[in-house]
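Visitor: Encoded as structure tokens, here's the structure I'll be asking about.
The values are calculated or read from the model by the stated rules, or taken from the named source; none is laboratory data. Just so it is clear, the structure is predicted and the values come from calculations on it, not from any experiment. Quick reminder, even Gly has a Cβ in these numbers, built from the backbone with ideal geometry, and neighbours come from all protein chains shown. Just so you know, the surface numbers come from the protein's heavy atoms only, side chains and all, with ligands and any DNA or RNA stripped out. Shrake-Rupley method; radii C 1.70, N 1.55, O 1.52, S 1.80 Å.
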Amino acid sequence: MKNKILLTIADGLGDRPCEVLGWKTPLEVAKKPHLNQVAAFGSSGIMDLWQCGTPVGTDLGHMILFGYGLPDYPGRGPIEAFGEGMELKAGDVALRANFATCRDGLVVDRRAGRIRKGTKELAAALNGLQIEDVTILFKEATEHRAVLVLRGPGLSSAVTDSDPKKEGLPIKLVKIKENSPEAIKTARILNQLLNECQKILGELPLNQEREAQGLLPANAILTRGAGQMPALEKTADKLGIKAACVAAESTVLGAARLAGFDTYTDPNCMTGNLDTDIDRKVELALEALQNHDFVVLHMKATDLMGHDNNPKGKVQAIEKYDAMVGKALKGIQKITDANVIVAMAADHSTPCERREHSGDPVPIVVAGKNIRKDNVTEYDEIHAAQGGLNRMTGHMFFDFLMDYLEAVPKEGN
């Protein structure tokens with residue numbers, strides 16, 4: 001019978017002992033019968049996403065779980081672009097952007113009053129501009145956020161941000177980070193574009209209407225996080241698999257699209273927080289399993305609770321993750337044309353005490369009828385370290401899963 005894989009990812013799941021929890025981790029304290037059920041039915045271990053002691057971002061962590069490595073990382077800008085449905089080409093330079101409000105040469109509000117309405121119209125006014133031999137692609141994102149892509153020959157991501165990061169200052173002049181013709185050209189084009197954007201946006205009727213209503217006009221853009229798209233082969237194409245990702249978070253969706261995965265989301269009910277609709281997520285994951293070999297089911301709330309230094313909130317998020325996994329396990333039982341292997345992982349640790357990502361390893365499990373079973377029956381950082389998978393890197397974990405899809409080439413004769 002053909003194998004299929006459901007990989008559930010709890011973002012930022014790993015943690016350190018918390019005083020408020022009696023010096024236990026949130027995962028040790030949480031009531032998690034379904035996570036324990038999976039652990040008892042397979043092999044456990046711990047995973048360093050890149051290498052021991054090296055923290056990774058959500059973007060890189062997911063790229064690794066989707067078959068890439070640190071040398072493949074293009075920067076946050078390109079992943080954000082993929083997250084908004086833009087398909088980048090090798091050589092494109094992508095940047096994260098904000099709509100902002102400027103007056104008398106100073107940034108009055110970096111988020112243009114957290115504008116929500118009309119951003120599609122604002123983006124359309126900038127999309128398709130041509131500066132020298134470079135085409136400007138511009139796409140609105142959530143609220144005041146947007147994505148800017150420069151497409152043309154001889155570009156570089158070695159340029160600084162224009163975002164001053166605080167109000168009351170002028171938009172920063174984009175400067176080069178390296179003395180190369182490509183960086184010089186990119187900085188020149190960006191500075192010209194930033195000036196042009198203020199002229200175009202300032203004349204739009206939408207902004208004039210906002211001012212008449214006492215709202216801040218979105219009459220400028222701020223840029224940051226330039227990244228250049230490398231010539232990456234999509235993981236799904238390289239391995240010859242059909243893959244999908246169910247998530248609410250645009251960075252995760254971007255990494256998945258970059259890897260050639262089909263993406264499923266529902267902005268009406270799926271969020272990156274505790275109020276996300278796990279029933280809808282599981283419904284989409286089970287739907288994807290019908291015609292995909294590898295399906296990722298993602299939850300973000302565990303990471304947010306770590307960043308907020310909220311151990312009890314993280315316990316609550318883990319228990320919601322447990323409920324989501326339980327619903328998925330129930331649905332998988334109805335799939336009769338394939339053997340569904342269930343794997344559990346995280347993209348990094350986010351210890352509450354640190355409020356940021358750390359290099360602590362994360363617990364992993366691979367379970368199924370045809371998976372070797374160890375003696376671990378609980379899913380947490382301590383018990384997982386005693387399991388049969390031992391300690392591995394994210395690259396090793398991905399290859400281990402792909403071998404069950406018979407997608408990893410044999411080495412030697």
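Visitor: I need the calculated FRET efficiency for the pair A90 and W23, taking r as the beta carbon distance and R₀ as 51 Å, to the nearest 0.05.
Guide: 0.55
Visitor: Tell me, what ³J(HN,Hα) does each residue in region 358-370 have, in order and in whole Hz, if you take phi through Karplus 6.51 cos²θ - 1.76 cosθ + 1.60 with θ = phi - 60° and put x for Gly and Pro?
Guide: 10, x, 5, x, 10, x, 10, 9, 10, 9, x, 4, 9
Visitor: Kindly identify the chain as rounded, prolate or oblate by the Cα gyration tensor criterion: order the square roots of the eigenvalues as a ≥ b ≥ c, call it rounded if a/c is under 1.5, otherwise compare a/b with b/c, prolate if a/b is larger, else oblate.
Guide: Here the chain falls in the prolate category.
Visitor: Still on this model: Cross-link partners among lysines for K334, C-alpha distance below 22 Å, same-chain residues fewer than 8 apart left out?
Guide: Answer for K334, where 22 Å is the Cα cut-off: K2, K4, K242, K281, K369, listed by chain and number.
Visitor: Take the alpha carbon atoms of region 307-325, find their center, do the same for region 335-404, and report the distance between the two centers in whole angstrom.
Guide: That distance is 18 Å.
Visitor: Oh, and also: What part of the accessible area of the chain, given as a whole %, is carbon or sulfur when the probe is 1.4 angstrom?
Guide: Carbon and sulfur: 47 percent of the exposed surface of the chain.
Visitor: Any chance you could look up the accessible area of I341 with a 1.4 Å probe, heavy atoms only, rounded to 10 Å²?
Guide: 0 Å²
Visitor: Per residue, how big is the convex hull of region 268-383 when only Cα atoms are used? Give it in Å³.
Guide: So the per-residue Cα hull volume is 118 Å³.
Visitor: DSSP beta bridges in the chain, what fraction antiparallel, as a percent rounded to 5?
Guide: The answer is about 60 percent antiparallel.
Visitor: Does region 1-130 come out rounded, prolate or oblate by the C-alpha gyration tensor, with a ≥ b ≥ c the root eigenvalues, rounded set by a/c under 1.5 and, if not, prolate when a/b is larger than b/c and oblate if not?
Guide: Cα axes put region 1-130 in the prolate bin.
Visitor: Still on this model: Using protein chains only and a probe of 1.4 angstrom, how many square angstrom of L216 are accessible, to the nearest 10?
Guide: 50 Å²
Visitor: Between region 112-186 and region 236-289, what is the C-alpha centre distance in whole Å?
Guide: The distance from the Cα centre of region 112-186 to that of region 236-289 comes to 28 Å.
Visitor: Further question on the same structure: I'd like the accessible area for T377: 1.4 Å probe, protein heavy atoms, all chains in place, Å² to the nearest 10.
Guide: 80 Å²
Visitor: Provide the per residue accessible area, probe 1.4 Å, for region 81-145, rounded to a whole number of square angstrom.
Guide: In whole numbers, region 81-145 has 45 Å² accessible per residue.
Visitor: How long is the gain from E411 to Q213 if the chain were fully straight, where each residue apart is worth 0.36 nm and the alpha carbon distance is subtracted?
Guide: Stretched out fully, the E411 to Q213 stretch lengthens by 64.6 nm.
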